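The values are calculated or read from the model by the stated rules, or taken from the named source; none is laboratory data. Nothing here was measured: the structure is a model prediction, and the numbers come from that model. Positions of Cβ are generated from backbone atoms using ideal geometry, with glycine treated the same way; all protein chains shown enter the neighbour counts. Note: areas computed on protein heavy atoms with side chains; ligands, DNA, RNA excluded. Shrake-Rupley method; radii C 1.70, N 1.55, O 1.52, S 1.80 Å.
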Amino acid sequence: MNIEMIRAAAARLEGHARRTPLLGSPFLDEIAGRRVWVKPECLQQTGSFKFRGAWSALSALDPQVRAKGVIAFSSGNHAQAVAYAAKLHGCAAVIVMPADSPALKIANTRAYGAEVVLYDRERESREEIGARLSEERGLTLIKPFDEPLVIAGQGTCGLEIAAQAAEAGITEAEVVVCCGGGGLTSGIALALEAEAPGLRVRPAEPEGFDDVARSLASGRIERNARSGGNICDAIVTPQPGDLTFPILKRLCGPGLVVTEAQALGAMGEAWNRLKLVAEPGGAVALAAALYHSDQLSGDDVVVTISGGNVDPAMFSRALAGRA
């Protein structure tokens, strides 16, 4: 992984991905005790940053290979992104999704034209299912985070943060990123290392699924005890990636961990103050900035809202302030 791969991905994404803004709110600043800058990837194509990595990977495939179709496994955001990128490229997509994924994400993935294969995340392995289908049908696997072309695509978000921070006069800040397997976090960290070295990345995760925070603390890859059972489904992964963790270890500060109630609180604040729809997993970085400000330093903090694909019932729960 290197900055040139991210710049090449940015060139392929030109005209396809949205350049999301960098937003501020005095109300959020007051809660956090510093200036909060929000990068709303919930406004990205398919409602999350995942479109960046999906398009980066599919657009780099040999056309003959791509024509045979692609396969991916995801709880929803990578699923939708690969499905839509495949549709735009005119190729088939098979998506392996947990049966307990939010109904909206399953419905949207099918609406983009993909074949959805559901599995039990507690008893079945998505990797094994994906590998079997890939071999049987000749499909190319597009991994959700531990894939260089996907990481490069996610890193384009970091290029935008660097440019937008410079426009706002921000030369030093902590950049809190919603973190599952580490694709977005490592991609942004690589981009900022090259373009804005005064900005340091901090991973944010849900309580009970803080494998990255624990891995950074121990210096080795740590697994989560459970594979599901948290409302922040978009960023619940077994452990950091083999490719992403060395990048995280080298470039990131300590991880931040938030509760489900704090994620819901951040969803409510994002809507009330910026009129942004965030899903629970997409709100953990904002939650960390608002409710764990004592673990941050400096006058400015940049946070990602990584996705906004939330079921109406969950969104209503957040707006009502019900943990």
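Within the set of pairs 6 or more residues apart or between chains, which connect a residue that is at pLDDT 95 or above inside the stretch 248-276 to a residue that is outside any helix (DSSP H, G or I) and among the hydroxyl-bearing types (Ser, Thr, Tyr) with Cβ atoms less than 6 Å apart?
Matching pairs, first to second residue: 273/25; 274/25.
For the stretch 54-110, enumerate the residues that are touching an Asp or Glu at 6+ places or on another chain (Cβ under 9 Å) and aromatic (Phe, Trp, Tyr).
The one that is touching an Asp or Glu at 6+ places or on another chain (Cβ under 9 Å) and aromatic (Phe, Trp, Tyr): 73.
Within the stretch 12-37, which residues are over 16 Å from residue 53 (Cβ atoms) and touching a Gly at 6+ places or on another chain (Cβ under 9 Å)?
Within the stretch 12-37, 34, 35, 36, 37 qualify.
Suppose we keep only residues that are touching a Lys or Arg at 6+ places or on another chain (Cβ under 7 Å) and assigned to a helix (DSSP H, G or I) within the stretch 25-36. Which one would you say is nearest to residue 108 (Cα to Cα)?
Out of the qualifying residues, it is 28.
Within the bounds of the stretch 239-249, is there any residue that is open to solvent by 40 Å² or more (accessible area, probe 1.4 Å), farther than 21 Å from residue 29 by Cβ and part of a helix (DSSP H, G or I)?
So far as the stretch 239-249 goes, yes, one or more of its residues are open to solvent by 40 Å² or more (accessible area, probe 1.4 Å), farther than 21 Å from residue 29 by Cβ and part of a helix (DSSP H, G or I).
What are the pairs with Cβ atoms under 7 angstrom where one residue, in the stretch 7-28, is closer than 19 Å to residue 303 by Cα and hydroxyl-bearing (Ser, Thr, Tyr) and the other, located anywhere, is open to solvent by 30 Å² or more (accessible area, probe 1.4 Å) and in a loop (DSSP other than H, G, I, E, B)? Sequence gap at least six, or different chains.
As it stands, the answer is none, since no pair meets every condition given.
I'm trying to understand the selection: among the residues of the stretch 17-36, which are closer than 19 Å to residue 174 by Cα and charged (D, E, K, R)?
29, 30, 34, 35
Looking only at the stretch 278-296, which residues are part of a loop (DSSP other than H, G, I, E, B) and either closer than 17 Å to residue 213 by Cβ or aromatic (Phe, Trp, Tyr) (or both)?
Within the stretch 278-296, 292, 296 qualify.
Condition check ((1) in contact with a Leu (Cβ under 6 Å, 6 or more places away or on another chain); (2) under 15 Å from residue 231 (Cα atoms); (3) open to solvent by less than 20 Å² (accessible area, probe 1.4 Å)) across all residues:
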position	(1), (2), (3)
253	no, no, yes
259	no, yes, no
264	no, yes, yes
267	no, yes, yes
281	no, yes, yes
286	no, no, yes
294	no, no, no
301	no, no, yes
320	no, no, no
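Pick from the stretch 37-70 the residues that are in a helix (DSSP H, G or I) and free of Cβ contacts under 8 Å to residues at least 12 places away in the same chain: which of them is farthest from residue 172 (Cα to Cα)?
So the residue we want is 64.
What number of residues in the stretch 1-19 are open to solvent by 40 Å² or more (accessible area, probe 1.4 Å), in a helix (DSSP H, G or I) and either at positive phi or of a type outside the set (Gly, Ala, Ser) (or both)?
The total comes to 4.
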